[in-house]
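Each remark here refers to the structure printed beneath this line.
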Amino acid sequence: MAIIAKNCPHIKVTVVDISQKQIDKWNSDNLPIYEPGLDEIVKKYRGKNLFFSTDVDQEIRDADMIFVSVNTPTKIAGIGAGRASNIKNCELCARKIAEVSTTNKIVVEKSTVPVRTAHAMNRVLNANSKSSGVTFQILSNPEFLAEGTAVKDLTEPARVLIGGNQDEGGLAAIQALVDVYANWVPRERIITTNLWSSELSKLVANAFLAQRISSINSISALCEQTNADVSEVANAIGTDPRIGPKFLQSSVGFGGSCFQKDILNLVYLCESFNLPEVAAYWQQVVTMNEYQKTRFATNMIKKMFNTVTGKRICVFGFAFKKDTGDTRETASGTIIKIMLEEAAKCAVYDPKVTRDDMLLEFKYTHGIDHGTHERLDDLIMTETDPYAAAKGAHAICVMTEWDEFKSYDYEKIYAEMVKPAFIFDGRNILDHAKLRKIGFEVYAIGKTFEDVGISQV
Ligand code: UGA
């Protein structure tokens, strides 16, 4: 919405939320999320044509177009628990819009939703309209931005996707939204489709991206057994323009609030439409990701003489990727959880993640909090200085690809660690040859530094 406000001075954009606390934060000097470049834009346009308010009813009444941008979390109970998305919040928005609208509205699904959610929204809107003659047009306009690069992704999107009904009213609504984006996005990058293609494309885009990561991660396991180097393999295959180089960075596993959730939702949809083979195919992307995380942690324990009990492990990075403070579903959390089960002591350093956010992630994703784990504060420590985190540690594991991790003084770090000093690079970002020269025992994803000794064939 900030980017729309920036590029469309003639449009008044108001973001509403029922949480006064959230809205107060958006109206304050400290915005509730960190995203490079966002602060400047919000502060520049706030109060001009960008507003934040809790007056939901009035703002709905005044709006021509309403973007429904609520969360659609994976269900935790009931039918489809653990896989299906809960679209309760979308339905509540539709009910509220129907209740208070006195003029025609274009309702835009911005949230990531299961295909055919627009059908449900449409029925709820039309069944609950209080004013006669008011019409609603539903559009699907999924968001493809990635965290950490959101401002850039929105300013120069690869494409904008808009789906709508293919009748006169639907096409007019599509055009109205095209006109908004056309203020800064070249027209040929604005794709229009029917509603269902647009809804489904969002899930499919994320499934394909995650599939590439799981594919290269599966190969990383094979590389470790054969002396092939996963970075060299990724580079070699990525130069084929049909494959392309992006999203082939092998890692300890993908995280974030989207990939796993969206794939599980896709799997659930396929099962609901009685397509078990298709469901099983996509399920494997998530299964491989889980395998990669467990494999990494198991390898750490194995290399450290099969025990980490009581050992201090320094964890570099808790965010699910660099340039964000977001910790949802981060692979770092899974690795620390496994270390916790082995009674290791983890000293975590992340340039952007607060201890509170880290503990929330343990609570929501792993069910671990002070109530379920009495030694939590004793076993998971947070440090604000990377050197302090590494001091006295038996091992460092790199969980997030923050650039600053590459430029530390590793001689200094080595001097203060317990020997042998291990480094497990879960992102393949460090200079492994240099580290080995210093004296570290280094392990990285999809790489072996000694000949694994397989016989020549
Ligand atoms: C992802 C998609 O990239 C966006 O297009 C989409 O809009 C968004 O989900 C969403 O549905 O909201 P995001 O989760 O912010 O964006 O981040 P990504 O850059 O896709 O990274 C996801 C995870 O994959 C991270 O943990 C990252 O470290 C990992 N990753 C990414 C790899 O392990 N290897 C790679 O080569 C690329």
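The values are calculated or read from the model by the stated rules, or taken from the named source; none is laboratory data. Being a predicted model, the structure only gives us computed values, none of them experimental. Here the Cβ is made from the backbone with ideal geometry for all residues, glycine too, and neighbour counts use every protein chain on show.
Could you figure out which of (1) within 30 Å of VAL113 (Cα to Cα); (2) near the ligand (Cβ under 10 Å from one of its atoms); (3) in a helix (DSSP H, G or I) isn't true of PRO245? All conditions are met except number (3). Taking each residue of segment 256-274 that is part of a helix (DSSP H, G or I) and looking for partners that are among the hydroxyl-bearing types (Ser, Thr, Tyr) and near the ligand (Cβ under 7 Å from one of its atoms) with beta-carbon atoms closer than 9 Å, six or more apart or interchain, yields LYS261/THR112; ASP262/THR112; ASN265/THR112. Filtering segment 77-101 down to residues that are under 14 Å from GLN260 (Cβ atoms) and of a type outside the set (D, E, K, R), which residue is surrounded by the fewest Cβ atoms within 10 Å (Cβ to Cβ)? Selected residue: GLY82. Within segment 220-258, the set of residues being among the hydrophobic types (A, V, I, L, M, F, W, C) and under 26 Å from ILE335 (Cα atoms) comprises ALA221, LEU222, CYS223, ALA228, VAL230, VAL233, ALA234, PHE247, LEU248, VAL252, PHE254, CYS258. With respect to the stated conditions, ARG61 fails to be free of Cβ contacts under 8 Å to residues at least 24 places away in the same chain and farther than 30 Å from VAL204 by Cα.
Looking across segment 253-280, the residues that are near the ligand (Cβ under 8 Å from one of its atoms) and of a type outside the set (Phe, Trp, Tyr) come down to GLY253, GLY255, GLY256, SER257, CYS258, ASP262.
Annotation: of all residues in segment 298-338 being among the hydrophobic types (A, V, I, L, M, F, W, C), part of a helix (DSSP H, G or I) and more than 16 Å from the ligand (Cβ to nearest atom), the one that is farthest from LYS419 (Cα to Cα) is ILE338.
Say whether the condition of being within 11 Å of the ligand (Cβ to nearest atom) and not in a helix (DSSP H, G or I) is met by at least one residue in segment 218-236. No: segment 218-236 contains no residue that is within 11 Å of the ligand (Cβ to nearest atom) and not in a helix (DSSP H, G or I).
The single condition from (1) of a type in the set (A, V, I, L, M, F, W, C); (2) free of Cβ contacts under 8 Å to residues at least 60 places away in the same chain; (3) buried (at least 16 other Cβ atoms within 10 Å of the Cβ); (4) farther than 19 Å from TRP196 by Cα that VAL124 fails is (4).
Of the residues making up segment 339-363, those that are surrounded by 18 or more Cβ atoms within 10 Å (Cβ to Cβ) and part of a helix (DSSP H, G or I) number 6. Say whether the condition of being of a type in the set (A, V, I, L, M), in a loop (DSSP other than H, G, I, E, B) and out of contact with any helix residue (DSSP H, G or I) (no Cβ under 7 Å at 6 or more places or on another chain) is met by at least one residue in segment 129-141. The answer is yes; a qualifying residue exists. Annotation for segment 32-46: at least one member residue is touching a residue at least 40 places away in the same chain (Cβ under 8 Å), out of contact with any Phe, Trp or Tyr (no Cβ under 9 Å at 6 or more places or on another chain) and β-branched (Val, Ile, Thr).
Restricting GLU143, GLU224 to those that are closer than 24 Å to ILE3 by Cβ and out of contact with any strand residue (DSSP E or B) (no Cβ under 8 Å at 6 or more places or on another chain) reduces the list to GLU143.
For segment 202-217, which positions are of a type outside the set (D, E, K, R) and within 11 Å of the ligand (Cβ to nearest atom)? Hits for segment 202-217 are LEU203, ALA205, ASN206, ALA207, PHE208, LEU209, ALA210, ILE213, SER214, SER215, ILE216, ASN217. The residues of segment 168-204 that are assigned to a helix (DSSP H, G or I), in contact (Cβ under 8 Å) with a residue 60 or more places away in the chain and surrounded by fewer than 18 Cβ atoms within 10 Å (Cβ to Cβ), listed by number, are ALA176, TRP196, VAL204. Considering only residues in segment 82-121 that are of a type in the set (Gly, Ala, Ser) and at pLDDT below 90, the one that is nearest to GLN58 (Cα to Cα) turns out to be SER85.
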